[in-house]
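A short worksheet on the structure shown next.
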There are 2 protein chains.
Amino acid sequence: MGKNGVRLKDIAAKANVSVGTVDRVLHNRGRVAEDVRQKVLRMMQELDYEPNLLARTLGANRSYRLAVLHPDHTLDPYWEAPWLGIEKAARELKAYGVSVLSFPYALTQVASFRQQAQAATEAQPDGILVAPLFYRESLAFFTAWQQAQIPYVLFNTHIAEAQALSYVGQDSYQSGVLAGKLLQLGQPAPATFLIAHIGEDIANAVHVAEKERGFRDYFAQLATDPAQGTYTLRRLDLPDPTDPAFARQLTTLLDETPQQLQGIFVSTSKAYEIAPYLQAYHRESLRLVGYDLLEKNLHFLHENVIDFLINQNPKKQGYRGLYALADQLVFKKEVASIKNLPLDIITKENVHYYLDK
Amino acid sequence: MGKNGVRLKDIAAKANVSVGTVDRVLHNRGRVAEDVRQKVLRMMQELDYEPNLLARTLGANRSYRLAVLHPDHTLDPYWEAPWLGIEKAARELKAYGVSVLSFPYALTQVASFRQQAQAATEAQPDGILVAPLFYRESLAFFTAWQQAQIPYVLFNTHIAEAQALSYVGQDSYQSGVLAGKLLQLGQPAPATFLIAHIGEDIANAVHVAEKERGFRDYFAQLATDPAQGTYTLRRLDLPDPTDPAFARQLTTLLDETPQQLQGIFVSTSKAYEIAPYLQAYHRESLRLVGYDLLEKNLHFLHENVIDFLINQNPKKQGYRGLYALADQLVFKKEVASIKNLPLDIITKENVHYYLDK
DNA sequence: TTATTTTGCGTGTGCGCACACATTTTTTCT
DNA sequence: AGAAAAAATGTGTGCGCACACGCAAAATAA
């Protein structure tokens, strides 16, 4: 017996058959007498056989092509991180015969998504990892992939009815709840809080809408406690920051805003677009909560303009997403249908330990 | 060329030598002419050769015995988690020929530590993973292991002068800083905060002392801002909770305490020992910050008695600790001398996503 | 019965690499 | 110069497994 575990050979010897036979029962290839089959199975149990994954992969000599359908990371800084995670996973999985095809799309353009999704489909990969930012347009492709029997994993944006193999990412709703808590903590009522969306088409962006729902529910929950005073919530839909309307709307807010405005929750990773205005208006004490450890956000975190960031673990999303496919295809493991990554609370004091990784 | 990457064979062909020669340069086994060596190296570069780890491990057919010297997890709930992480890593690494020997010691008894450390040393393992709770007693063993050329990795407790291959765990100092921030947030001066140690021999417990230092430094830093009022810090050394003196000291504190006592920071995972007293005295509004997601802590977190927990990621400490040894021995990777795990801030709203994993 | 198919099982090769050993070439010594 | 030693290089086997193939015995058909 090998230094380090039971081998097919050991089972074969113990059952008085050849390794070929053991292999056949192991893989249900048939062509083995029932009584022998039972005996082999018994021996495998007795010896507590576990296949050597290294040898298996090496011997099988199979390869898997995985397609990744993701926003182009050269167009938006947030999307670098998931891609880094995907690349890391790809490196590790290379030895297992996994290769990755990238299909980047422009994250604001539906047509680009549709086109790249089409290309990914036509590449006939063994599995697909996708960030389905566009709700409506995604559904058709899900159907196509089901038809083609291609397993697909979602990340970043959860679409419950997608029938995907798995979803990897945050619970957007609960992250909204948490944002509410972080704004409210230590700020007694009465007070006003704002939720700001930047350049989002809320109707077609599931996970941003979910954040808002969680945010509102946190305060709704608080309101059930009669001892609490009343909090007021406002919402502001801002256009793309390059649009002159962006500055106009924001300065209007800060000019006319009631003194009670105690905090702003930015529903995306773009808190850094708002922070400069707070500095300009000397409203740094106003609590600002946003998402993700982008360079620019970190800057304002250290300047005490941004108070909290919720880390969406984008790198891990990519990493785990690809692994979910590999677990299914290569390692034949059970894959959980939802892998919720933690809602990391980031402050100036602990941010250091979340960088790089 | 193989479906999926360059093989030794490919390099050999391109350099007009045999695989044996390539192998020799790859492993610096010597016995190869300098010009040939250079040529082979060049070819490896050109083809961007990366050894197939699976084949390497399989072919080498080596095995590694790793010893783990850790507090007995049947004696203290905290220490279950690191052990789970170690077991998980052990399962994954089994295929790579790694086996794990466990040397549990009683976490309050120096003699037990000494004895098990001795046993671990005598087992002559290929590597050692150790939680060096006892500062003085550990040092002697570090020397012994260096002499025996056995690489060792520290977790949980960082001993800078240990000359260890790596440390995996938190930055205790910074976790104290963070605890300070979490207590102070939204609680204006004047106010009093307490740091409570439970059943610890501070003089011989490095990482608890570091937590206190960080905690105090946070407020020292605040004091440099003249706009801030004054915060008062107190310290309480409590005996083991089974000791009647524990209840006595705690009730005395709550009886006689000035109204300004606004928060308590428990320096270990035993916040749940203090929480019941706060409930009994109806002082739940007093902010309580502790460590780790133990059952009992979670209970009081949900009851709003504990406000924040700092997650020490104990499971990951074990997991990464073992992997640090494997990275060194099996995978021949560079191992960072410090692997600081993040300081997760846990509240009722995000705790769910940190459980299990 | 003999010829043919089916079923049950064993054998052999290759995956990419490590490592021991055999063989060839070069250097050194007498 | 030839012999011996040393250096440089090639060859072969095994790691545990998957998978194709081949061969025997049993079942079926002619």
Requested in this report: Using the number of other C-beta atoms within 10 angstrom as an exposure proxy, rank B:HIS207, A:HIS73, A:HIS282 with the fewest first.
Outcome: A:HIS282, A:HIS73, B:HIS207
Requested in this report: Can you work out the PRE-style zone for A:GLN228? Point 7 Å along Cα to Cβ, and I want the residues of the range A:273-316 with backbone N under 12 Å.
Outcome: none
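Give me the percent of DSSP beta bridges within the protein assembly as shown that run antiparallel, rounded to the nearest 5.
On the way: 6 of 86 bridges.
DSSP beta bridges in the protein assembly as shown are roughly 5 percent antiparallel.
As an exercise, use a Förster radius of 35 Å and the Cβ-Cβ distance of A:VAL110 and A:THR251 to find the FRET efficiency, rounded to the nearest 0.05. Let's see the in-between values first.
Working: r = 31 Å, r/R0 = 0.89.
So the FRET efficiency works out to roughly 0.65.
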Report task. Arrange A:VAL19, B:VAL168, A:VAL25 by Cβ neighbour counts within 10 Å, fewest through most, would you? Result -> A:VAL19, A:VAL25, B:VAL168
Query raised in the report: Hey, for A:SER285 with labels 7 Å out along Cα-Cβ, what do the inter-copy distances come to in nm, ordered shortest first?
Result: 2.2
Query raised in the report: If one puts a single equal scatterer on every Cα of the range B:153-202 and applies the Debye formula without solvent, what log₁₀ I(q)/I(0) results at q = 0.19, 0.25, 0.31 Å⁻¹?
Result: -0.80, -1.01, -1.17
Query raised in the report: Can you give me the Cα centroid spacing of the range B:191-229 and the range A:207-225 in angstrom?
Result: 35 Å
Report summary line: Eigenvalues of the alpha-carbon gyration tensor of the range B:263-357, times 5 and square-rooted, give semi-axes in Å, largest first, of 34, 12, 10
Report summary line: With B:TYR291 itself left out, Lys, Arg at +1 and Asp, Glu at -1 over residues whose Cβ is under 10 Å from its Cβ give +1
**Report entry** Inter-part distance where the range A:308-333 and the range B:296-357 are each reduced to a Cα centre, Å
**Finding:** 18 Å
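Can you pick out the pairs among A:LYS332/B:LYS9; A:LYS332/B:LYS333; A:LYS88/B:LYS316 whose Cα atoms lie more than 22 Å from each other?
A:LYS332/B:LYS9; A:LYS332/B:LYS333
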Query raised in the report: What is the Å³ per residue value for the convex hull set by the Cα atoms of the protein assembly as shown?
Result: 210 Å³
Report task. Calculate, axis by axis, the spread of Cα positions in chain B along the three principal axes, and write the results as whole Å, longest axis first. Result -> 86, 47, 35
Report summary line: Net charge (Lys, Arg +1; Asp, Glu -1) of residues whose beta-carbon lies under 14 Å from that of B:ALA67, B:ALA67 excluded, is -1
Report task. Take the Cα radius of gyration of the range B:101-167 and divide it by 2.2 N^0.38 Å, with N its residue count; two decimals is plenty. Result -> 0.98
Report task. Any chance you could tell me what percent of the C-alpha pair distances in the range B:172-311 go past 23 Å? Result -> 29 percent
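Which of the trypsin sites (Lys or Arg not before Pro) found in the range B:3-86 are in a DSSP loop and have at most 11 neighbouring Cβ atoms, other than their own, within 10 Å? Spell out each step's value before the answer.
On the way: sites: B:LYS3, B:ARG7, B:LYS9, B:LYS14, B:ARG24, B:ARG29, B:ARG31, B:ARG37, B:LYS39, B:ARG42, B:ARG56, B:ARG62, B:ARG65; in loops: B:LYS3, B:ARG7, B:ARG29, B:ARG31, B:ARG62.
Of the trypsin sites (Lys or Arg not before Pro), the ones in loops of the range B:3-86 whose Cβ has at most 11 other Cβ atoms within 10 Å are B:LYS3, B:ARG29, B:ARG31.
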Query raised in the report: In square nanometres, what is the average projected area of the Cα convex hull of the range B:8-51?
Result: 2.6 nm²
Report task. Please report how far the C-alpha centroid of the range A:36-102 lies from that of the range A:112-142, rounded to the nearest whole angstrom. Result -> 21 Å
**Report entry** Descending principal axes extents, the range A:130-174, alpha-carbon based, whole Å
**Finding:** 34, 19, 15
Report task. Using only Cα atoms, find the angle between the long axis of helix B:206-223 and the longest principal axis of chain B, and express it within 0 to 90 degrees, rounded to the nearest 10. Result -> 60 degrees
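The numbers here are math on the coordinates, done by the rules we state, and not lab data. Remember, it's a predicted structure, so these values are computed and weren't measured experimentally. Please note: Cβ atoms are built from the backbone with ideal geometry, for glycine as well, and neighbour counts cover all protein chains shown.
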